[in-house]
Amino acid sequence: NDPIILENDYINVQFSSQDGSILSITNKTSGVTSSITQEYIWYNPSVGNDDSAQCSGAYIFRPVEDFAYPYNNATPSVSIIRGEISSSIRRFWSNEMVQTFRLYSNADHLEVEEIIGPIDISDGIGKEIVSRYTTTLVTDQTWYSDSQGMEMQKRITNYRPSWNLTVVQPTSGNYVPVNAIAYIQDPNQSLQFTIVTDRSRGCASLRDGQLDMMMHRRTLKDDGRGVGQPMNESTQIVTTSKLIFHDISSYAQSHYRPAALSLSHPLLPMFTTTQQSSNDWN
Amino acid sequence: VDDIVIMREVMGIAQHHDAVSGTEQQHVADDYAERLSIGNCASLETINTVVGTLLTANGNSKSAAATPTISFCPLLNQSICPATDPLSSGTSVPVLIYNSLSWTRNEPVRIPIPIANVTVTSSSNGSITSQVNQINGTFILEFLATIPPLGYSTYIITSTASDFVEPNSIPAIIIQDEIIVSGGGKINEKVSY
């Protein structure tokens, strides 16, 4: 019943021994711990209703309900690897759904690799899949996401800075783009939870302490905005993100931009062969 | 320069708002992907040529045989990497890691390898710590690389195994087109896969 712990000099992360889900992150430098949960959920894309014939599609995110369904109710098989370079927890539901948390020995962040898709539509329903992180941070309906990996934009739930917003879509109306970095802050505790992503996607914070990241979308109707095809994405996505839990400080703010660039500009390995010894080859 | 122009033109095409936002029809998306792939391969060939030339200039340039042929492996996210296959026959595989950012990076490198027992040697620090993870019959080599800004570092992967596997620790290993099924402490049979 003891939690599984991945730890290095910088952070300590606890996971459930029952299903491998993340439970908490401790920043060992500051000594602060935050409870955190993560779940995969899916929204049911609209195919039109009495209010409007507007379907969810490439241009339009329009879920039928304000709530989302659990994407996978099954308990995954969990495997753990511990080593000098990295330790990892791999949660395997199926070949279409795999999540790996990886902690490198020299890293102050937790890496999460997610394999999702192809999305099952055998029930005749499209699905828009979201990864939702829920923390104990008090965020005052505010979150931040970047513009082109540079300027961070302040986002406030159900609010626009330049006009009076009439809320007609409480879920999708709060989804905004993220290109590299999204975070939530608890100013009173001076705590911040940051997600660095390797690709552009949508994000939202619909409740205090939450950060939702859109993962994969498969809709079965054209949204009628010019594409002329449903967004029937049949592919598998393999994505890598970095989770950073730290205090609000200038050091931290300048720290996650290199992390984002590291994801968008990965190291490039090139290979050759030799029969020489390593000393001779060098 | 001609090879780089290919990628430059493709990136120009991909600035169309449909390509940026993903609001194109599927056959157009496929066309973008193919063009980007062609440009990507051309650019990587250019890097291979440049790095190969730099190695020759810095190393033993007296004989043509000493000039290494550098290749990029586009399958590093797959379970088997053709570039590291020579390890299974005892041939060492030097890896050159290029850093496209303008600061020194100390980052982990993950490379699929065909065998479990290898050592990694740094060109400057000798043998370094490495780790091999087995995931679904695939071996993933991990080590921490230090690469200068806009430069490259060299690491050499060398097989340390004799030509047998330890069945107790490795239940199933996919080797090229065969799978060795083991159990009960010894290799039972080799079947085609």
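The values are calculated or read from the model by the stated rules, or taken from the named source; none is laboratory data. Bear in mind that the values here come from a model prediction, so they are computed numbers and not experimental data. Cβ coordinates were reconstructed from backbone atoms using ideal geometry, including for glycine residues, and neighbour counts include every protein chain displayed.
Look at A:ASP280 and say whether it is in contact with a Pro (Cβ under 6 Å, 6 or more places away or on another chain) and within 11 Å of chain B (Cβ to nearest Cβ).
The answer is no for A:ASP280.
For the condition surrounded by 17 or more Cβ atoms within 10 Å (Cβ to Cβ), within 17 Å of A:THR142 (Cβ to Cβ) and either touching an Asp or Glu at 6+ places or on another chain (Cβ under 7 Å) or not acidic (Asp, Glu) (or both), what is the one hit in A:LEU220, A:LEU206, A:LEU243, A:LEU261? One residue alone meets the criteria, A:LEU206.
Among the residues of the range B:130-174, which ones are polar (S, T, N, Q), surrounded by fewer than 18 Cβ atoms within 10 Å (Cβ to Cβ) and at pLDDT below 95? Matches in the range B:130-174: B:GLN134, B:ASN136, B:THR138, B:THR160, B:SER162, B:ASN168, B:SER169. In the set (1) surrounded by 20 or more Cβ atoms within 10 Å (Cβ to Cβ); (2) outside any loop (DSSP other than H, G, I, E, B), the condition left unmet by A:GLN153 is number (1). Test A:ASN174 against the stated conditions and say whether it is modelled with pLDDT under 95 and surrounded by 14 or more Cβ atoms within 10 Å (Cβ to Cβ). Against the criterion (modelled with pLDDT under 95 and surrounded by 14 or more Cβ atoms within 10 Å (Cβ to Cβ)), A:ASN174 does not qualify.
Do we have any residue at all in the range A:81-89 that's assigned to a loop (DSSP other than H, G, I, E, B) and under 30 Å from A:ILE60 (Cα atoms)? No. Screening the candidates B:TYR155, B:TYR98 for the property of being in contact (Cβ under 8 Å) with a residue 60 or more places away in the chain and among the aromatic types (Phe, Trp, Tyr) yields one hit, B:TYR155. Among the candidates A:GLY209, A:GLY224, the residue that is more than 21 Å from the chain's Cα centre (by Cα) and either under 21 Å from B:THR23 (Cβ atoms) or in contact (Cβ under 8 Å) with a residue 12 or more places away in the chain (or both) is uniquely A:GLY224. Of all the criteria given as (1) modelled with pLDDT under 90; (2) over 18 Å from A:ASN282 (Cα atoms); (3) polar (S, T, N, Q), the one not satisfied by B:SER61 is (2).
The residues of the range A:92-142 that are within 23 Å of A:PHE67 (Cβ to Cβ), of a type in the set (Gly, Ala, Ser) and surrounded by fewer than 17 Cβ atoms within 10 Å (Cβ to Cβ), listed by number, are A:SER122, A:GLY124.
For the range A:178-199, the count of residues that are of a type outside the set (A, V, I, L, M), buried (at least 21 other Cβ atoms within 10 Å of the Cβ) and closer than 22 Å to B:GLU142 by Cα is nonzero. Among the residues of this structure, A:GLN18 counts as one that is closer than 25 Å to A:ASN73 by Cα and either of a type in the set (Phe, Trp, Tyr) or at pLDDT below 95 (or both).
Does A:ASP120 satisfy being within 20 Å of the chain's Cα centre (by Cα), assigned to a loop (DSSP other than H, G, I, E, B) and in contact (Cβ under 8 Å) with a residue 12 or more places away in the chain?
no
Taking the conditions exactly as written (under 29 Å from A:ARG218 (Cβ atoms) and surrounded by 18 or more Cβ atoms within 10 Å (Cβ to Cβ)), does A:TYR69 satisfy them or not? For A:TYR69, the condition - under 29 Å from A:ARG218 (Cβ atoms) and surrounded by 18 or more Cβ atoms within 10 Å (Cβ to Cβ) - is not met. The number of residues in the range B:1-31 being without any contact (Cβ under 8 Å) to a residue 40 or more places away in the chain and either more than 14 Å from every other protein chain (Cβ to nearest Cβ) or hydrophobic (A, V, I, L, M, F, W, C) (or both) comes to 17. Criterion first (within 19 Å of A:GLN153 (Cα to Cα), touching a strand residue (DSSP E or B) at 6+ places or on another chain (Cβ under 6 Å) and surrounded by fewer than 18 Cβ atoms within 10 Å (Cβ to Cβ)) does A:VAL238 satisfy it? When the stated conditions are applied, A:VAL238 does not pass them. Taken over the range B:66-90, the residue count meeting the criterion of being over 24 Å from A:THR240 (Cβ atoms), among the polar types (S, T, N, Q) and in contact (Cβ under 8 Å) with a residue 40 or more places away in the chain is 1. Considering the range A:92-108, the residues that are within 25 Å of A:ASP9 (Cβ to Cβ) and over 14 Å from the mean Cα position of the chain (by Cα) include one that is farthest from the other protein chains (Cβ to nearest Cβ), namely A:ASP108.
Counting only residues that are part of a helix (DSSP H, G or I) and facing chain B (nearest Cβ under 7 Å), how many does the range A:259-277 have?
2
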